Amino acid sequence: MTIKEPVEDFATDWDHTDPRWVRDPYPIWATLRETCPVAHTDRYGGGWFPTTHEMVSSIANDTEHFTSRMVVVTNNKFPPNFIPAPMGGAPPITSDPPFHAIARRLILPAFAPGPVNALEPQIRSLCRKHLDAMAGHEFVDAGTGYAQFIPPGVIAQMLGFPAEDEDIFREIVHFILDLVDLAPEERGEMSEPTLNYFSNQIDDHLANPRDDLTSYLLNVEVGGKKLAREHVTGTIVLILVAGIDTTWSAIGAALWHLAQHPSDLARLVSEPELMPLAVEEFLRFYAPVTMARLVNDDYEFFGCPMKKDDWVLLGFPAANRDPEVFERADTFIIDREVNRHAAFGLGIHRCVGSNLARLELRVALEEFIVRFPTFTLANDADVTWAPGQVRGPRQIPIRVLS
Ligand code: HEM
């Protein structure tokens with residue numbers, strides 16, 4: 001792991017893994033938005049961080065000047081196993097047009113409302129199983145005892161992977177999204193077990209086809225041809241990573257909020273019909289996902305001289321706090337009615353899993369507050385946050401009051 005200098009000025013030297021940013025990025029973004037508003041860094045080989053909704057939206061919708069070839073900022077823009085545009089290593093999120101539309105269309109049916117809603121009973125029983133394990137304890141951890149278990153169970157079933165491998169899934173997610181400071185060679189070495197895990201799963205599905213997303217991707221044809229093995233691998237890695245850390249973070253952040261805002265918790269308990277609006281406000285206020293782009297060629301953006309292959313970190317969570325777009329943007333309003341947030345992204349890469357994410361968040365919260373109608377944060381100092389581009393609380397020690 002590289003030892004890094006602490007950040008002194010986020011406008012000229014931002015780092016999204018800096019402990020202050022990880023702990024509470026909102027005041028940093030607010031200051032940048034008012035004074036900068038596109039921050040720069042020489043870290044990670046050079047990059048930019050636009051902070052207004054207008055800028056984030058403009059880049060997300062501009063696939064000519066910005067490529068999705070790599071969406072996670074690391075120290076290596078060209079790793080050894082690098083797969084170039086237009087497919088990239090994890091289609092469709094790393095794909096550019098026109099290939100992107102083909103890769104996206106293949107997976108859309110699995111995430112349509114019908115098949116997703118059919119998962120509700122399974123999600124509910126998964127939640128109840130983990131709540132049962134917490135029952136009778138005054139002090140529990142809503143992160144390590146609850147939020148972290150819900151998305152892996154759902155994704156394992158969709159991909160047809162063994163549910164008991166969920167520790168491996170979390171390690172993979174941690175490696176891909178959190179350990180971004182590793183030197184390129186270290187990252188290369190550490191990626192081997194991950195690639196082997198997926199390779200073994202694919203071999204097993206080729207030998208024993210079954211009714212799941214992995215077998216579907218291995219058999220589906222585009223223009224009369226099956227997908228390349230690297231396409232199938234990239235897409236299942238994406239679904240596993242995109243489906244786990246994101247929703248785990250959203251569930252955790254919502255519980256962390258409720259543990260500190262008894263009036264919001266009381267309203268959700270007594271007015272369950274508020275849940276759909278509350279879910280959208282949790283997503284806006286604590287949006288967990290920030291994705292990156294690379295600049296295609298030298299390009300001037302809002303006066304900034306962006307260079308070919310510079311990173312651009314697309315702060316969807318910062319866009320969600322832009323006071324030009326949201327009234328009282330820095331206030332959590334549980335029944336906010338107008339809420340066109342950008343938590344699921346903007347433009348052609350908008351989240352494919354949004355129906356599933358909303359369902360998991362809603363069910364996980366409904367079940368938790370039915371079981372524990374009053375609870376409070378036991379100790380904020382013990383709360384830990386995942387660093388990097390998917391941000392959410394990992395340890396959330398709470399005290400159950402009833
Ligand atoms: C609260 C939970 C979630 C949030 C906040 C979230 C957020 C996002 C965002 C911001 C993007 C756009 C990325 C970009 O522009 O580069 C995205 C894309 C994507 N998400 Fe999600 N996501 C969540 C849950 C899920 C789940 C549960 C799945 C599936 C299992 C999923 C699958 C995907 C896929 C496949 C893409 C790529 C779409 C494309 O490139 O066309 N996400 N997500």
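Of note:
- Restricted to segment 135-191, and to residues there that are out of contact with any Pro (no Cβ under 9 Å at 6 or more places or on another chain), among the charged types (D, E, K, R) and modelled with pLDDT of 90 or more, the residue that is surrounded by the fewest Cβ atoms within 10 Å (Cβ to Cβ) is GLU164.
- Cβ pairs under 8 Å, 6+ apart, first in segment 233-245 and over 19 Å from GLN148 (Cα atoms) and of a type in the set (A, V, I, L, M), second modelled with pLDDT under 90 and not in a helix (DSSP H, G or I): none
- From the list GLU230, GLU221, GLU281, the lone residue that is closer than 25 Å to HIS100 by Cβ and either basic (Lys, Arg) or in contact (Cβ under 8 Å) with a residue 12 or more places away in the chain (or both) is GLU230.
- Residue, surrounded by the most Cβ atoms within 10 Å (Cβ to Cβ), within segment 208-220, restricted to residues that are polar (S, T, N, Q) and part of a helix (DSSP H, G or I): THR214
- Entry remark, segment 309-359: residues being near the ligand (Cβ under 8 Å from one of its atoms), part of a loop (DSSP other than H, G, I, E, B) and among the aromatic types (Phe, Trp, Tyr) number 1 in total.
- Qualifying residue in segment 106-113 (condition: in contact with a strand residue (DSSP E or B) (Cβ under 9 Å, 6 or more places away or on another chain) and more than 15 Å from the ligand (Cβ to nearest atom)): no
- Matching residues, segment 86-110, being more than 16 Å from GLU64 (Cα to Cα) and touching a helix residue (DSSP H, G or I) at 6+ places or on another chain (Cβ under 6 Å): GLY89, ALA90, PRO91, PRO92, ALA110
- Among the criteria (1) within 16 Å of the ligand (Cβ to nearest atom); (2) of a type outside the set (Asp, Glu); (3) buried (at least 19 other Cβ atoms within 10 Å of the Cβ), the one HIS205 does not fulfil is (1).
- Subset of segment 8-45 [over 20 Å from VAL390 (Cα atoms) and assigned to a loop (DSSP other than H, G, I, E, B)]: GLU8, ASP9, CYS36, PRO37, ASP42
- Test: residue in segment 30-45 that is in contact with a Lys or Arg (Cβ under 9 Å, 6 or more places away or on another chain), closer than 22 Å to ARG340 by Cβ and at pLDDT 95 or above: yes
- When segment 33-80 is filtered for residues that are aliphatic (A, V, I, L, M) and without any contact (Cβ under 8 Å) to a residue 60 or more places away in the chain, only ALA39 remains.
- Selection of first residues in segment 342-368 that are among the basic types (Lys, Arg) and of second residues that are near the ligand (Cβ under 9 Å from one of its atoms), restricted to Cβ pairs under 6 Å at least 6 apart or on distinct chains, gives the following pairs, ordered by first then second residue: ARG350/PHE344.
- Boolean, ASP15 is acidic (Asp, Glu) and buried (at least 18 other Cβ atoms within 10 Å of the Cβ): yes
- For segment 111-131, taking the residues that are surrounded by fewer than 18 Cβ atoms within 10 Å (Cβ to Cβ) and hydrophobic (A, V, I, L, M, F, W, C), the one that is nearest to GLN148 (Cα to Cα) is identified as ALA118.
- The set of residues in segment 50-74 that are among the polar types (S, T, N, Q), touching a Leu at 6+ places or on another chain (Cβ under 7 Å) and not in a strand (DSSP E or B) comprises THR51, SER57, ASN61.
- Taking the numbered list (1) among the aromatic types (Phe, Trp, Tyr); (2) in contact with a Gly (Cβ under 9 Å, 6 or more places away or on another chain); (3) more than 23 Å from ALA318 (Cα to Cα) in turn, TRP385 passes all entries but (3).
- Within segment 46-97, the set of residues being surrounded by fewer than 17 Cβ atoms within 10 Å (Cβ to Cβ) and within 18 Å of THR290 (Cα to Cα) comprises GLY46, GLU54, ASN61, ASP62, ASN75.
- Enumeration of residues in segment 287-307 that are in contact with a Phe, Trp or Tyr (Cβ under 8 Å, 6 or more places away or on another chain), within 23 Å of PRO25 (Cα to Cα) and within 16 Å of the ligand (Cβ to nearest atom): ALA287, VAL289, THR290, MET291, ALA292, ARG293, LEU294
The values are calculated or read from the model by the stated rules, or taken from the named source; none is laboratory data. This structure is a prediction, so every number in the text was calculated from the model and none was measured. No Cβ is skipped: glycine too gets one built from the backbone with ideal geometry, and neighbour counts run over all protein chains shown.
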